[in-house]
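Chemist: Here you go, one structure.
The values are calculated or read from the model by the stated rules, or taken from the named source; none is laboratory data. Keep in mind that this is a model prediction, so the values were computed, not measured. No Cβ is skipped: glycine too gets one built from the backbone with ideal geometry, and neighbour counts run over all protein chains shown. Surface accessibility is based on the protein's heavy atoms, side chains included, excluding ligands, DNA and RNA. Shrake-Rupley method; radii C 1.70, N 1.55, O 1.52, S 1.80 Å.
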Amino acid sequence: MKVTPPVGFTAAIMLALAAAAPLAAQDPIDPFAEAQAVPFGGGAKPAAPQAAAAAEAAAPILADERDPVVLAIRDRNPTTPPELMFAVQSLFDIGRPEEAKFYLAKLIAAQPDRDQLEAFHREHGTGFFARMANERRMRPEAEQFAKLVQDAAYTAARDPDRVKSLVGRVSDPSPLVRAQTVEALQRAGDAAVAPLLQALADPDRQAEHPWIRAAVVELGPPMIDPLLGALEAPDEALRFQVLQTLGRLGTSRAIPFLIGPALDPSAPEAAHRAAAETLAQIVGSAPSRTEAISYLVRRVREYLQGALAGPLDYQDNTVFWHWDAASKTSLPQTYTASEASRMMAARLSRDLIKLAPEDRDVRRLFLLANLTQAKIEAGLDQPLPRGEGTLAARAAQLGVEAVEDALAYAMQNDYPTAAIAAAELLGDLGDASLVRSDDGQPRPLVQALRHSDRRLRLAAADSIMKLDPRSPYPGSSYLPETLSFFIRTLGSRRVLIAQPRAEKAQTLVGLLNQIGYSADAAGTGKETFQLAVKNPDYEFLLISDAVDSLNANETIQMFRKDPVTARMPIGLMARQENQRHAEASAELGPLLIAFPRPHDVRSMSFQVSRIADLAGHTRVGYDARLDQAERALQHLTRLAENQQERAFYDMFRVRQAIQAALATPGLSTGAARIMGLLGCPESQRNLVTLASQHARPLAERQAAAEAFTQAVQRRGLLLTRDEISLQYDRYNRSEALDVGTQQVLGAVLDAIEQPSRRRLEEEGLTQGPAVAGPQPN
């Protein structure tokens, strides 16, 4: 509805203009001279200065006004929103912003509804309200009202019922109506996508489809991405309509998405033809099968290597549209640049494998792209979805050999996320033959146990434990070594510092403590590296360029060559004279940045955030490290329980790691069980020591006592005479301690006396209750 003022109102203004024009020419005055300024409605002065100021702000209008438009508007005294809007527009257009502001304030107070505000927008346009908002003398009311109008126009333009009604008018016989409808749909923006696609998918509106496609073409480039997303729809008829529309739009951005459908042997003939014709309209001809495969292989590789998949916004994000089965329309989704590249690689690889399902390179690319995408969507620390329709099911169809090939290629070419997913799947798809080889070289799954990515190492260990080989295989020693690394965690956020000067190292430790990190320091590069390979908790390394024996560059290279530390982010702290050289070196090194040594908490926090950003989504946090340690403990427990069947795993090489886990809350109980299964003298000594530590939680001490009993049963009592005497002394001194502690210490003594009791029983003798005191010499 076009908003116009009442006829009488307009006529009054026009008559006033005609009658007053000569008078205005004969008697020009300054309408804003201070001496003549009086409040609107009379010459009475306000009673107080504040009242005068308020009156002047609310009604800066002159009693001896000569402008006919102003006089006509005053005479009519507009009150309704349409009348007030006409007054504001008229006064603003003749250069009277102060007078217009008075009526604008009354218009805002009248609280026009959304329909009226939207009608004002249609009548006057965005430009008018923008100019008014920029007029200094009409602020802040003009800014406030312009926003109200724009919001109302935006909401009205996107109203679902209205947009649906507009789609119904695109086939109107009148060219004018169709043009107005397309203009209204343009204002609706992406709110027009769903109704247009629903109309194209409706078989009962087949007669309207040519007109709807024509309207979409007139809407132009904003519709291209929604149409590309609609190509994912399962509805063949809708895809056919979309292909025809894309052909008329002639956009080259559609080419990658059309090649697969144009040559897919499993697609219906109509889809073949429509996609091929659309390609021909865009590029002049449809490609051959060989050309299509070559093109898609090249594009998938480019996207896997990080090629941009679309334009980036100011936050380096890209928007892609995808078909949403729930809402049955195409919807936008925001990706980071790297996510968009991965998504495009996965999407195009699904078209590619339909064209060449038996080609080894094609299957490899398909798995690399889709395993990467699926693993990131599921979560790097979560298992891949299983079941019908999942990528795991599709990988099973391709076969174990294809998945193993993808794992090997991913490790060799630095696709760790795909490698994690492939290693995970091999545990479900294969058997023990996956770890055996004829040439004596470790198979890919075993090689993964020594990869630089810790998630991949543990995924490989998980799968090998599922396969459960019962005989030696090349690289079998890697498994307990890998598991022992994970259980060394201390359950804290830790940083490693390489700084030769102790006082500076301590300052850095203090700064890191203040922002929530524990830190260890070493004076040389070699010492730093030795600490790093033993502790899985270090999230990053801070290294001073002053280190020697090895120097900073040599130390960094040593970290990069060892698989355990190769992916550790490193901050190179450079002295002022070395800053430029250090920054140049950091540009060439992966996971490396250079900066001056931090001297306060603020600068340390800033640099730590930069280092953390280097790892991105691959960073392994505190909770994930504890979960990894628990999984590794479970695997080691299985190996220890069946040492006879799996004697080729040397469990005694992991004793130090298990001892470290014994001191870690959350891991202590599991570590105690493994020590009980090993039962060696060192294990028995560690267990009775833990059971006797009153400050440790009772549950941990009980687990240690139980494990010690199991160790004695399996291997016999292997404590020394002095160690046995010490335990009796501990029990005797526990009289004042709690009952739980006394019971734990008593259980230890029962286990110590068990071999003697058994021997006496075998000799036909009996023995009384244990004596609360040391055994006699």
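Chemist: So which residues in the stretch 71-106 are in a helix (DSSP H, G or I) and among the charged types (D, E, K, R), if there are any at all? Steps first, answer last, please.
Modeler: Restricting attention to the stretch 71-106, the residues satisfying the condition of being in a helix (DSSP H, G or I) are 71-76, 81-93, 97-106.
Across the stretch 71-106, the qualifying residues are ARG74, ASP75, ARG76, GLU83, ASP93, GLU98, GLU99, LYS101, LYS106.
Chemist: Examine the stretch 341-352 for a residue that is open to solvent by 10 Å² or more (accessible area, probe 1.4 Å), of a type in the set (A, V, I, L, M, F, W, C) and farther than 17 Å from ALA230 by Cβ, and state whether such a residue exists.
Modeler: No, the conditions are met nowhere in the stretch 341-352.
Chemist: Here is a further query. Being in contact (Cβ under 8 Å) with a residue 12 or more places away in the chain, closer than 28 Å to THR334 by Cβ and either open to solvent by less than 50 Å² (accessible area, probe 1.4 Å) or out of contact with any helix residue (DSSP H, G or I) (no Cβ under 7 Å at 6 or more places or on another chain) (or both), is that true of even one residue in the stretch 402-414?
Modeler: yes
Chemist: Now for a different question. Within the stretch 348-362, track down each residue that is free of Cβ contacts under 8 Å to residues at least 40 places away in the same chain and in a helix (DSSP H, G or I).
Modeler: Scanning the stretch 348-362 gives a single hit, ILE353.
Chemist: How do the pairs read when you match residues in the stretch 183-206 that are assigned to a helix (DSSP H, G or I) with residues anywhere that are open to solvent by 50 Å² or more (accessible area, probe 1.4 Å), using Cβ under 6 Å and keeping only pairs 6 or more apart or on different chains?
Modeler: Final answer for the pair search is ALA188/ARG158; ALA191/ARG158; PRO195/LYS164; ALA199/ARG205; ALA201/ASP235.
Chemist: Check ARG386, ARG350, ARG364, ARG342 and return the single one that is among the charged types (D, E, K, R) and over 24 Å from the mean Cα position of the chain (by Cα).
Modeler: Step by step, each of ARG386, ARG350, ARG364, ARG342 is checked, and only ARG364 is among the charged types (D, E, K, R) and over 24 Å from the mean Cα position of the chain (by Cα).
Chemist: So which residues in the stretch 415-439 are closer than 17 Å to MET465 by Cα, open to solvent by 30 Å² or more (accessible area, probe 1.4 Å), part of a loop (DSSP other than H, G, I, E, B) and touching a Leu at 6+ places or on another chain (Cβ under 9 Å)?
Modeler: Result: ASP431, single match.
Chemist: I'm checking my understanding of the structure. Among residues of the stretch 64-85 that are more than 53 Å from the chain's Cα centre (by Cα) and acidic (Asp, Glu), which one is most open to solvent (accessible area, probe 1.4 Å)?
Modeler: Among those that are more than 53 Å from the chain's Cα centre (by Cα) and acidic (Asp, Glu), it is ASP75.
Chemist: Taking only pairs six or more apart or across chains, which ones have beta-carbon atoms under 6 Å, a first residue in the stretch 220-247 that is more than 17 Å from SER327 (Cα to Cα), and a second residue that is in a helix (DSSP H, G or I) and of a type in the set (Ser, Thr, Tyr)?
Modeler: LEU243/THR278; LEU246/THR278; GLY247/THR278
Chemist: Now, a different point. Kindly provide the set of residues from the stretch 107-116 that are at pLDDT 85 or above and part of a helix (DSSP H, G or I), ordered by number.
Modeler: Selection gives LEU107, ILE108, ALA109.
Chemist: Would you mind finding the one in ARG715, ARG646 that is open to solvent by 60 Å² or more (accessible area, probe 1.4 Å) and either within 44 Å of the chain's Cα centre (by Cα) or closer than 19 Å to ALA747 by Cα (or both)?
Modeler: None of the other options fit; the residue is ARG715.
Chemist: Can you give me the number of residues within the stretch 90-102 that are more than 16 Å from ASP67 (Cα to Cα) and modelled with pLDDT under 85?
Modeler: Counting residues in the stretch 90-102 that are more than 16 Å from ASP67 (Cα to Cα) and modelled with pLDDT under 85 gives 0.
Chemist: Of ASP204, ASP151, ASP190, ASP159, which residue is surrounded by fewer than 15 Cβ atoms within 10 Å (Cβ to Cβ) and modelled with pLDDT under 85?
Modeler: Testing whether each residue is surrounded by fewer than 15 Cβ atoms within 10 Å (Cβ to Cβ) and modelled with pLDDT under 85 leaves just ASP151.
Chemist: A follow-up question, please. Might you let me know whether the stretch 307-317 holds any residue that is touching a Gly at 6+ places or on another chain (Cβ under 8 Å) and modelled with pLDDT under 90? Show your work before the answer.
Modeler: Going through the stretch 307-317, the residues touching a Gly at 6+ places or on another chain (Cβ under 8 Å) turn out to be none.
Within the stretch 307-317, none of the residues are touching a Gly at 6+ places or on another chain (Cβ under 8 Å) and modelled with pLDDT under 90.
Chemist: Can you go through ARG696, ARG685 and tell me which one is closer than 25 Å to GLY740 by Cβ, open to solvent by 10 Å² or more (accessible area, probe 1.4 Å), of a type outside the set (A, V, I, L, M) and touching an Asp or Glu at 6+ places or on another chain (Cβ under 7 Å)?
Modeler: ARG685
Chemist: Return yes or no: is VAL739 among the β-branched types (Val, Ile, Thr), farther than 17 Å from ALA661 by Cβ and surrounded by 15 or more Cβ atoms within 10 Å (Cβ to Cβ)?
Modeler: For VAL739, the condition - among the β-branched types (Val, Ile, Thr), farther than 17 Å from ALA661 by Cβ and surrounded by 15 or more Cβ atoms within 10 Å (Cβ to Cβ) - is not met.
Chemist: Suppose we filter ALA215, ALA280 for residues that are assigned to a helix (DSSP H, G or I), among the hydrophobic types (A, V, I, L, M, F, W, C) and surrounded by 21 or more Cβ atoms within 10 Å (Cβ to Cβ); which single one remains?
Modeler: Exactly one residue qualifies, and that residue is ALA215.
Chemist: What's the number of the condition VAL170 fails, among (1) under 43 Å from the mean Cα position of the chain (by Cα); (2) in contact (Cβ under 8 Å) with a residue 12 or more places away in the chain; (3) surrounded by 15 or more Cβ atoms within 10 Å (Cβ to Cβ); (4) in a helix (DSSP H, G or I)?
Modeler: Evaluating VAL170 over (1) under 43 Å from the mean Cα position of the chain (by Cα); (2) in contact (Cβ under 8 Å) with a residue 12 or more places away in the chain; (3) surrounded by 15 or more Cβ atoms within 10 Å (Cβ to Cβ); (4) in a helix (DSSP H, G or I) leaves (4) as the failure.
Chemist: Does TYR314 satisfy being surrounded by fewer than 19 Cβ atoms within 10 Å (Cβ to Cβ) and within 19 Å of ALA254 (Cβ to Cβ)?
Modeler: Values: surrounded by fewer than 19 Cβ atoms within 10 Å (Cβ to Cβ): yes; within 19 Å of ALA254 (Cβ to Cβ): no.
Answer is no for this residue.
Chemist: Looking at (1) over 28 Å from ARG653 (Cα atoms); (2) open to solvent by less than 60 Å² (accessible area, probe 1.4 Å), can you tell me which one ALA703 breaks?
Modeler: ALA703 satisfies every listed condition except (1).
Chemist: Restricting attention to the stretch 462-506, which residues are under 23 Å from GLU645 (Cα atoms) and of a type in the set (Ser, Thr, Tyr)?
Modeler: Listed by number, the residues that qualify are SER463, SER471, TYR473, SER476, SER477, TYR478, THR482, SER484.
Chemist: Another one. Give me a count of the residues in the stretch 663-680 that are open to solvent by 10 Å² or more (accessible area, probe 1.4 Å) and in contact with a Ser or Thr (Cβ under 8 Å, 6 or more places away or on another chain).
Modeler: Qualifying residue count for the region: 2.
Chemist: Which one of these is of a type in the set (Lys, Arg), buried (at least 17 other Cβ atoms within 10 Å of the Cβ), under 22 Å from ASP613 (Cβ atoms) and without any contact (Cβ under 8 Å) to a residue 40 or more places away in the chain: ARG567, ARG560?
Modeler: Details: ARG567 fails: without any contact (Cβ under 8 Å) to a residue 40 or more places away in the chain.
Residue meeting the stated conditions: ARG560.
Chemist: Just one of (1) touching an Asp or Glu at 6+ places or on another chain (Cβ under 8 Å); (2) touching a residue at least 40 places away in the same chain (Cβ under 8 Å); (3) open to solvent by less than 50 Å² (accessible area, probe 1.4 Å); (4) part of a helix (DSSP H, G or I) trips up LEU384, so point out which.
Modeler: In the conditions (1) touching an Asp or Glu at 6+ places or on another chain (Cβ under 8 Å); (2) touching a residue at least 40 places away in the same chain (Cβ under 8 Å); (3) open to solvent by less than 50 Å² (accessible area, probe 1.4 Å); (4) part of a helix (DSSP H, G or I), LEU384 misses (4) alone.
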